[in-house]
Each structure stands twice: as structure tokens, then as C-alpha cells.
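Report on the following structure.
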Amino acid sequence: MSARTEGLLSDPTAIAPAIDRLVAFAEAGADCLYAPGVRGKADIAAMVRAVAPRPLNVLVMDPGLSVAELAELGVRRISVGGALARVAWAAVLATAEKIKAGSFDGLAAGASGKQLNDLFGRFT
């Protein structure tokens with residue numbers, strides 16, 4: 001069972017209360033801990049140490065840290081939440097604006113039908 005605390009989403013400075021909750025969840029038997037909204041290296045490292053040996057999941061909400069940097073901090077699970085959808089919608093909106101302006105150039109960045117068929121064909 002995993003457990004999460006969402007306090008950092010409303011108050012990004014509430015690191016200590018988030019850590020306290022994660023530790024309590026770990027002590028109650030949670031096997032993966034999650035505090036969406038943690039971003040700084042020092043804060044992530046403190047959470048990893050506090051819940052060890054249980055894994056900490058980090059929700060990557062914006063660019064900044066790399067996969068390797070998160071791994072070096074001890075993060076063992078990474079989520080991107082709705083970020084991929086937001087990236088896709090940004091591409092849709094940008095392409096729609098180009099079409100509205102009279103150009104179909106935005107369509108050039110799309111994946112080919114073959115790429116998509118190859119990707120999704122693996123799951124059938």
C-alpha cells in the first residue's frame with residue numbers, strides 16, 4: 001500500500017509537516033511514500049532519509065532535476081502525473097494557432113502513423 005500527503009500542493013514550504021506525515025504512514029505500514037509538490041534537492045533528500053528503507057515517489061511537475069539526479073538523491077519511483085497530457089495539449093494549442101493563422105507547419109512535429117502503430121501494437 002502506498003500513502004501520500006498533499007500538503008505541499010497548498011503550502012510548498014510545509015516540508016516538516018509533510019515529512020512527519022510520511023514517517024507516520026511508513027510506521028503504519030505503507031510501502032511507498034509520496035508527497036506531491038516536493039521540488040528542492042535538500043527537501044527530497046530529507047524525505048528519502050526520513051522514510052528509508054521504504055521508497056519515496058517524487059512527482060515531477062516541471063523541468064529541473066534529471067532522472068539521474070533524483071536517483072542520486074535516493075528516489076526510487078518517479079511519476080509525471082498529468083504533465084505528459086499538458087505537454088500534448090500545449091502542442092495541440094500551438095498547432096491550432098498556426099492553422100488559425102493559415103499554416104499547417106505545426107503538423108510536421110507529429111508522430112507518424114507507423115510509429116504509433118508500432119508503439120501501441122506492442123500492447124495487443
For the structure I just gave you, tell me whether Lys98 is of a type in the set (D, E, K, R), at pLDDT 95 or above and assigned to a helix (DSSP H, G or I). yes
Please work out which residue is modelled with the lowest pLDDT, limiting yourself to region 9-34 and to residues that are out of contact with any Phe, Trp or Tyr (no Cβ under 7 Å at 6 or more places or on another chain) and crowded, with 20+ Cβ neighbours inside 10 Å. Tyr34
When restricted to Arg49, Arg76, the only residue closer than 21 Å to Ala16 by Cβ, assigned by TED's automatic domain parsing to the domain that holds Leu9 and of a type outside the set (A, V, I, L, M, F, W, C) is Arg49
Filtering region 35-56 down to residues that are part of a loop (DSSP other than H, G, I, E, B) and either buried (at least 19 other Cβ atoms within 10 Å of the Cβ) or in contact with a His (Cβ under 8 Å, 6 or more places away or on another chain) (or both) yields Ala35, Gly37, Val38, Arg54
Which ones in region 52-74 are modelled with pLDDT under 95 and of a type in the set (A, V, I, L, M)? Ala52, Leu56, Val58, Leu59, Val60, Met61, Leu65
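The values are calculated or read from the model by the stated rules, or taken from the named source; none is laboratory data. Only a predicted model underlies this, so the values are computations on that prediction, with no experimental measurement involved. Every residue, glycine as well, gets a Cβ built from its backbone with ideal geometry; the counts of neighbours run over all protein chains shown.
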